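Report on one structure; see the data block that follows.
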Amino acid sequence: MMVKMFPMSSSCALLFAALCTVAAQNNTLLIPKDKTNVNGGDVFTNYVNLRDKRQAFLKGVAISDFETPGGDPVPGEGIVWISDAVFSDFNFGYAARGITMFAKNWINKDAIDTPPLQEPRSVSAVYVEQLNIFDAQLHFEDAVIFFQIWDDGQNKSQAMGWASDLRVNGSKAFSAAVMYHWLTAEEAAIDLNTTADMLTPEKFDEMYARVWNSYRKRTDVKENASAAAPSIVGVWDWYGLVLVTLFPVLLW
């Protein structure tokens, strides 16, 4: 009897294990309701909004400083549009794409190839239970510039930015103190001088493809120019890389 029952028990065990796995995965999607921030709000607010709306907008203001002696601090602000997110089923984490935008007329297709209007970004975040906060990062394609964001569910998040090996205007590094404000699509539309129907996940996919391709063309040209004259740093490097990385830096 035991021999005959063993295959059945094994099958049941496999089925039970599979059901447990599915249940565990589903449980990770059950947002805890007891995680509050210092103001009594829900730590998961911005996370839930990103899941539900499939996009988020961060408006950043920052002050940045190069490590070069005697340099002046550089203020800046901009908006990061986040979408195309994938969410983990083993913790409260996600990875997404982003676009950093700086100009009022950014929606103009003719402006896309005129830096520093838009640049592609990568986004990653995870809820750290021990700290009761989402730890997020915005980073550039070339992995030179990073922005660390602490999201506790409020409509504003503290952040800092840093870069190394910039090789811009004689500087190799900079640091930044940043404040990000979480905006609705309607609020972002006002700052970007457009309408909310132009700020949808579907529109994001279209815009991201154009911005990414344009960015690659610009960086390829700069890399080729640098290879030809590695000791020369021109005005374009300063304006196109520093402004775009310092001002938007904040938003990334």
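The values are calculated or read from the model by the stated rules, or taken from the named source; none is laboratory data. These numbers come from a predicted model, not from an experiment. FYI the Cβ positions are ideal-geometry reconstructions off the backbone, even for glycines, and counts take in every protein chain you see. SASA here: full protein model, heavy atoms, side chains in, ligands and nucleic acids out. Shrake-Rupley method; radii C 1.70, N 1.55, O 1.52, S 1.80 Å.
Taken over the stretch 73-83, the criterion of being in a strand (DSSP E or B) and not hydrophobic (A, V, I, L, M, F, W, C) is satisfied by PRO75, GLY76, GLU77, GLY78, SER83. Number of residues in the stretch 52-80 that are surrounded by 15 or more Cβ atoms within 10 Å (Cβ to Cβ) and more than 20 Å from VAL178 (Cα to Cα): the value is 2. If you go through the stretch 181-239 and keep only what is under 19 Å from ASN49 (Cβ atoms) and either at pLDDT below 55 or touching a helix residue (DSSP H, G or I) at 6+ places or on another chain (Cβ under 6 Å) (or both), you end up with TRP182, ALA185, GLU186, ALA189, ALA196, LEU199.
Considering the stretch 193-217, the residues that are hydrophobic (A, V, I, L, M, F, W, C) and in a helix (DSSP H, G or I) include one that is most open to solvent (accessible area, probe 1.4 Å), namely TRP212.
A quick yes/no check of all residues on (1) under 24 Å from SER175 (Cα atoms); (2) modelled with pLDDT under 90; (3) in a strand (DSSP E or B):
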position	(1), (2), (3)
GLY71	yes, yes, no
ALA85	no, no, yes
ASP89	no, no, no
TYR94	no, no, yes
GLY98	yes, no, yes
LYS104	no, yes, no
PRO116	yes, yes, no
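For the stretch 127-168, the set of residues classified as of a type in the set (Val, Ile, Thr) and either crowded, with 22+ Cβ neighbours inside 10 Å or modelled with pLDDT under 95 (or both) consists of VAL144, ILE145, ILE149, VAL168, listed by residue number.
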